[in-house]
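A quick write-up on the structure given underneath.
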Amino acid sequence: MKLVDTHSHIDLNVFVDDFNDVLTNARRVGVVAQVLPGVYRSGWKRILSLCEMEKDLYPAIGLHPMYLQHHVPGDLRELRKNALGGRLVAIGEIGLDYFIKDVNKSAQQELFEAQLAIATEAGLPVLLHVRKAHDQVQKTLRRLRFNNGGIAHAFNGSLQQAEHYLKLGFLVSICGTITYDRATKIRAVAAHIPLQSLVLETDSPDIPPATFHGQRNSPEYLPVILQALANLRKESVEEIAEQTTENAEKLLHLQVI
């Protein structure tokens, strides 16, 4: 089976000491591609460098709504330069996060719209980070008539909100959350929306599957998420692996080996 991890942060320092082992272990279990999203400019260089060195790693840099204090106006110019340079498979991760304390909603909104404009100009999809703000994100996408699609990363909304993303041309990404029995809402979403609209991710080093709770998450655990999804949907792991990989390849124009 070939699997695509559509959201992996193995560029972070927590993976520096055993990066090669992490990559080898992921490949061994069938992970043939990983998308590495950026969250602020200082991390972009390592992401781009790793993706140059390893042909199964793909860059998708962006300015995350949780790190407004790290962003300066020149970051958008640099993002646009990279986006138009043809190196990226997406802009991300970007979006709105109303879960954090004392959120500056207007600043997040301005940053989000600026990056959607860059994605539109570059013809790229986006990787969405959304917490407690799905309705606002969807209103923004509709108002700006954003047509490049993308992925609702680590989706945590309702079935109705998921269906709205599908109508907007987005895929819904399933992560380790579905391995927890208490996560009834996302488990229902994962079970009911069309397989043609799903992709997989680990969000390493965050959101480990239940069997690895409290540990560092890793791309090599993607088959655990795949199995949990197969159990929920009562479909074969082979069918889900093939379709989710095809979905990711098509959206992100990946050249999976």
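The values are calculated or read from the model by the stated rules, or taken from the named source; none is laboratory data. No experiment lies behind these values; they were computed from the predicted model shown. A quick note on method: Cβ atoms are made from the backbone with ideal geometry, for glycine too, and the neighbour counts reach across all protein chains shown.
Things to note:
- Any hit, segment 78-99, residues being part of a helix (DSSP H, G or I), under 23 Å from Lys139 (Cα atoms) and either modelled with pLDDT of 95 or more or aliphatic (A, V, I, L, M) (or both): no
- Scan of segment 154-175 for residues that are out of contact with any Ser or Thr (no Cβ under 9 Å at 6 or more places or on another chain) and hydrophobic (A, V, I, L, M, F, W, C), ordered by number: Leu159, Leu168
- Across segment 121-139, the number of residues qualifying as surrounded by 17 or more Cβ atoms within 10 Å (Cβ to Cβ) and either under 21 Å from Asp75 (Cα atoms) or of a type in the set (A, V, I, L, M, F, W, C) (or both) comes to 10.
- Condition met for Leu229 (closer than 19 Å to Cys51 by Cα and crowded, with 17+ Cβ neighbours inside 10 Å): no
- Some residue of segment 126-134 being on the phi < 0 side of the Ramachandran plot, assigned to a loop (DSSP other than H, G, I, E, B) and not β-branched (Val, Ile, Thr): yes
- Residue tally, condition under 15 Å from the mean Cα position of the chain (by Cα), part of a loop (DSSP other than H, G, I, E, B) and over 22 Å from Asn247 (Cα atoms), over segment 53-77: 2
- Answer from Val126, Val130, Val199 - the residue that is modelled with pLDDT of 95 or more, more than 20 Å from Ile225 (Cβ to Cβ), of a type in the set (A, V, I, L, M, F, W, C) and under 13 Å from the mean Cα position of the chain (by Cα): Val126
- Checked against (1) under 21 Å from Leu251 (Cβ atoms); (2) part of a helix (DSSP H, G or I), Lys185 passes all but condition (1).
- Residue satisfying all of: in segment 71-120; touching a Gly at 6+ places or on another chain (Cβ under 7 Å) and among the small types (Gly, Ala, Ser); surrounded by the most Cβ atoms within 10 Å (Cβ to Cβ) among these: Gly92
- So Tyr58, is it surrounded by fewer than 18 Cβ atoms within 10 Å (Cβ to Cβ), modelled with pLDDT of 95 or more and of a type in the set (Phe, Trp, Tyr): no
- Boolean, Tyr221 is within 23 Å of Val32 (Cα to Cα), hydroxyl-bearing (Ser, Thr, Tyr) and not in a loop (DSSP other than H, G, I, E, B): yes
- In segment 101-116, the qualifying residues are those that are free of Cβ contacts under 8 Å to residues at least 40 places away in the same chain, hydrophobic (A, V, I, L, M, F, W, C) and touching a strand residue (DSSP E or B) at 6+ places or on another chain (Cβ under 8 Å), and the one that is farthest from Ala83 (Cα to Cα) is Val103.
- Every residue from segment 152-182 that is free of Cβ contacts under 8 Å to residues at least 40 places away in the same chain, farther than 15 Å from Ala133 by Cα and assigned to a strand (DSSP E or B): Val172
- Residues in segment 183-230 that are out of contact with any Ser or Thr (no Cβ under 8 Å at 6 or more places or on another chain), in contact (Cβ under 8 Å) with a residue 24 or more places away in the chain and of a type in the set (Gly, Ala, Ser): Ala188, Ala190, Ala191, Ser197.
- The set of residues from segment 1-41 being closer than 24 Å to Pro125 by Cβ and without any contact (Cβ under 8 Å) to a residue 40 or more places away in the chain comprises Asp11, Leu36, Tyr40, Arg41.
- Residues being within 21 Å of Phe146 (Cα to Cα) and acidic (Asp, Glu) - total across segment 64-104: 2
- Per-region count, segment 232-257, residues surrounded by 14 or more Cβ atoms within 10 Å (Cβ to Cβ) and of a type in the set (Lys, Arg): 1
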